[in-house]
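Only one structure is covered here, and it is reproduced in the block below.
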């Protein structure tokens with residue numbers, strides 16, 4: 001598990017760096033799927049802008065766009081994804097803890113994914129607003145991805161004045 005922290009660390013070039021408390025709400029709804037450990041990676045798992053595939057001795061786990069998963073697959077639907085602004089330095093510790101602790105206090109379940117550059121937190125769609133409130137209470141800014149690389153400039157949930 002990635003244990004990077006929001007504290008200060010030595011940067012590669014100058015002085016110190018600390019975690020930017022910015023999250024991006026990815027578009028779409030996701031499924032977390034389980035296949036047999038010896039299964040081939042299915043084509044549908046590679047569709048869409050965000051997917052994660054993990055193989056262990058016990059299973060092949062796939063996280064992908066919910067609308068890409070065919071019937072008959074063991075899965076949990078209805079997840080929304082929050083991306084930590086990255087890239088994150090590998091020397092950071094406690095990044096996931098800084099996100100999951102406030103959510104745990106609110107009884108919000110999470111599914112975490114770490115990549116080379118950053119971390120992702122998936123929360124059930126029905127708990128998204130509560131998760132956003134809890135994370136904002138910890139100083140996180142949450143922005144919304146409009147798709148195709150276009151990002152909202154105002155924080156998620158804040159309406160523009162007309």
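The values are calculated or read from the model by the stated rules, or taken from the named source; none is laboratory data. These numbers were taken from a predicted model, which means no experiment stands behind them. Every residue, glycine as well, gets a Cβ built from its backbone with ideal geometry; the counts of neighbours run over all protein chains shown.
Below are the figures for this structure:
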quantity: Residues being farther than 16 Å from residue 105 by Cα and touching a helix residue (DSSP H, G or I) at 6+ places or on another chain (Cβ under 6 Å) - total across the range 122-143; calculated: 1
quantity: Subset tally (residues that are outside any loop (DSSP other than H, G, I, E, B) and in contact with a strand residue (DSSP E or B) (Cβ under 6 Å, 6 or more places away or on another chain)) for the range 115-144; calculated: 14
quantity: Qualifying residues in the range 8-59 (those that are closer than 15 Å to residue 92 by Cα and surrounded by 14 or more Cβ atoms within 10 Å (Cβ to Cβ)) - the one modelled with the lowest pLDDT; calculated: 9
quantity: Unmet requirement for residue 99, which otherwise passes all of (1) part of a helix (DSSP H, G or I); (2) over 20 Å from residue 143 (Cβ atoms); calculated: (2)
quantity: Boolean, residue 114 is in contact with a helix residue (DSSP H, G or I) (Cβ under 6 Å, 6 or more places away or on another chain), farther than 15 Å from residue 25 by Cβ, surrounded by 13 or more Cβ atoms within 10 Å (Cβ to Cβ) and at pLDDT below 95; calculated: no
quantity: Residues that are in contact with a helix residue (DSSP H, G or I) (Cβ under 7 Å, 6 or more places away or on another chain) and closer than 12 Å to residue 32 by Cα, drawn from the range 46-78; calculated: 51, 53, 62, 64, 68, 69, 77, 78
quantity: Residues located in the range 45-59, provided they are in contact with a strand residue (DSSP E or B) (Cβ under 7 Å, 6 or more places away or on another chain) and closer than 23 Å to residue 83 by Cβ; calculated: 45, 47, 48, 50, 51, 52, 53, 54
quantity: Positions within the range 27-38 being part of a strand (DSSP E or B) and either more than 18 Å from residue 112 (Cβ to Cβ) or without any contact (Cβ under 8 Å) to a residue 12 or more places away in the chain (or both), in sequence order; calculated: 35
